[in-house]
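Data block below; observations after.
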């Protein structure tokens, strides 16, 4: 069985590319946003309401550091995934163009074949009419 462009592309991805795509897919989901929102709310709530140990008191500098670190790593990983998506889109467009060109070629060949059949039919009809003119009794 011949592989399509997408299967070839997926097989060509290395381990880092697969991880980058997984991270980008995960961080770009509602599940991630909801989980992160819950964790941040817990973090802030525990630090505001903690009676004894405030490991990150207001204004939550440690939390800001964690967000900065997350953003510093997430942005390039997401950009790597987007670059691969652009490459996938380019390959898809090339495959579509090739399919369209092949379909156009086949349609043109069918049109020529149909035209040839029509011409042959008309030639036979004209020959039959000419024969009928020559032999009106037949």
Every residue from the stretch 74-97 that is free of Cβ contacts under 8 Å to residues at least 40 places away in the same chain and either farther than 30 Å from residue 15 by Cβ or under 17 Å from the mean Cα position of the chain (by Cα) (or both): 79, 83, 85, 86, 89, 90, 93, 96, 97
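Taking the stated definitions as given, is residue 17 modelled with pLDDT of 85 or more and closer than 27 Å to residue 92 by Cα? Show your work before the answer.
On the way: modelled with pLDDT of 85 or more: no; closer than 27 Å to residue 92 by Cα: yes.
So residue 17 does not fit the description; no.
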Boolean, residue 22 is at pLDDT below 90, under 32 Å from the mean Cα position of the chain (by Cα), under 30 Å from residue 3 (Cα atoms) and surrounded by 13 or more Cβ atoms within 10 Å (Cβ to Cβ): no
Selection status of residue 65, farther than 30 Å from residue 98 by Cβ, modelled with pLDDT of 90 or more and not in a loop (DSSP other than H, G, I, E, B): yes
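The values are calculated or read from the model by the stated rules, or taken from the named source; none is laboratory data. Since we're looking at a predicted model, the values are computed, not measured. Note: ideal-geometry Cβ built from the backbone for every residue, glycine included; neighbour counts use all protein chains shown.
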